[in-house]
Every structure is written in C-alpha cells, then in structure tokens.
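Okay, structure first, notes after.
The values are calculated or read from the model by the stated rules, or taken from the named source; none is laboratory data. Please read all numbers here as calculations on a predicted model, not as lab measurements. Using ideal geometry, Cβ is built from the backbone for each residue, glycine included, and neighbour counts are taken over all protein chains shown.
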Amino acid sequence: MRIGELARATGTTARALRHYEQPGLIVSERAPNGYRVYDQGAEVRVRNIRCLPAVGLTLDDVRVFLPCPDGDVAAVQPSEQGLRVVLDRLAVLDERIAAQTEVRDRLESALRERVGDRVRLADRTGASSP
C-alpha cells in the first residue's frame with residue numbers, strides 16, 4: 001500500500017508516516033517510481049504507534065516497544081525496559097502535575113486576596129453565577 005493509502009487507513013498523515021519512518025518505527029520499500037510502499041502489517045503497527053503517544057509516551061519511548069507494535073500492544077506484558085520507560089514517564093508527569101497544581105494554587109490564593117470569597121468555582125469555569 002502506498003503512503004497516502006496507509007495514512008487514510010490509519011487516520012494519520014503522510015508527513016507523520018515519514019516522521020515514523022525516520023527513526024525506524026515503520027519501514028517501507030521503494031517502488032520503481034520511487035514511491036514508498038508499505039506491507040499490510042504497517043497498518044497495525046501505525047495504529048499501535050499512534051496509541052502509545054496518546055497515553056503519554058514519546059516517539060523515543062515507542063522504540064522500546066518494538067517489536068511488539070505489530071500485535072495487540074495493550075495485551076502484551078511490557079518488558080523490564082518497557083516497564084522502566086512507563087514508570088519514568090509517569091514520574092515526569094507527576095512532577096509536571098505537582099508544578100502546575102502549585103502554580104494554580106498560588107494564582108487562586110492571589111485572586112482570593114484581591115477579591116475574597118466573591119470568587120466561586122462557577123466563576124472559574126465560566127458558568128454564570130446566580
């Protein structure tokens with residue numbers, strides 16, 4: 001299948017597929033006319049590759065999960081290296097969440113100092129006050 005067909009079949013773009021190909025996450029052959037040609041297994045692999053960043057992993061992290069992206073990635077037990085990658089990513093996310101929570105709390109505190117209890121949750125979410 002050609003790059004456009006693979007892009008349509010997986011809901012991605014040709015640009016993203018070329019991006020996945022650079023580090024070797026997917027591979028293609030070249031047709032005599034120079035077009036990239038992917039085998040049928042590429043469709044499953046691309047869907048799995050797209051799934052992993054959706055849960056917070058980077059494309060560099062995805063490399064650790066090669067060669068398993070050709071099957072049901074969610075059903076496979078991660079390797080020790082894969083488990084380490086996921087735990088490291090969780091630690092980074094926990095740090096970011098803690099930092100963002102601290103900033104939010106400081107901002108809320110500063111706002112309350114200025115306007116007191118007139119500020120309610122509904123005011124913060126954009127809902128109208130009674």
Positions within the stretch 24-40 being of a type outside the set (A, V, I, L, M, F, W, C) and surrounded by 10 or more Cβ atoms within 10 Å (Cβ to Cβ), in sequence order: Ser28, Tyr35, Arg36, Tyr38, Asp39
The stretch 18-44, subset within 15 Å of the chain's Cα centre (by Cα) and not in a loop (DSSP other than H, G, I, E, B), residue farthest from Val86 (Cα to Cα): His19
Residue, nearest to His19 (Cα to Cα), within the stretch 67-86, restricted to residues that are modelled with pLDDT under 85 and surrounded by 16 or more Cβ atoms within 10 Å (Cβ to Cβ): Pro69
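Conditions (1) among the hydrophobic types (A, V, I, L, M, F, W, C); (2) in contact (Cβ under 8 Å) with a residue 12 or more places away in the chain; (3) farther than 24 Å from Ala91 by Cβ; (4) surrounded by 16 or more Cβ atoms within 10 Å (Cβ to Cβ), marked per residue:
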| residue | (1), (2), (3), (4) |
| --- | --- |
| Arg2 | no, yes, yes, no |
| Ala9 | yes, yes, yes, no |
| Gln22 | no, no, yes, no |
| Leu57 | yes, yes, no, yes |
Residue in the stretch 115-129 that is at pLDDT 70 or above and basic (Lys, Arg) present: no
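This table checks each residue for (1) within 30 Å of Ala42 (Cα to Cα); (2) at pLDDT below 85; (3) over 29 Å from the mean Cα position of the chain (by Cα); (4) in a loop (DSSP other than H, G, I, E, B).
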{"residue": "Arg63", "(1), (2), (3), (4)": "yes, yes, no, no"}
{"residue": "Ala99", "(1), (2), (3), (4)": "no, no, no, no"}
{"residue": "Asp105", "(1), (2), (3), (4)": "no, no, no, no"}
{"residue": "Leu111", "(1), (2), (3), (4)": "no, no, yes, no"}
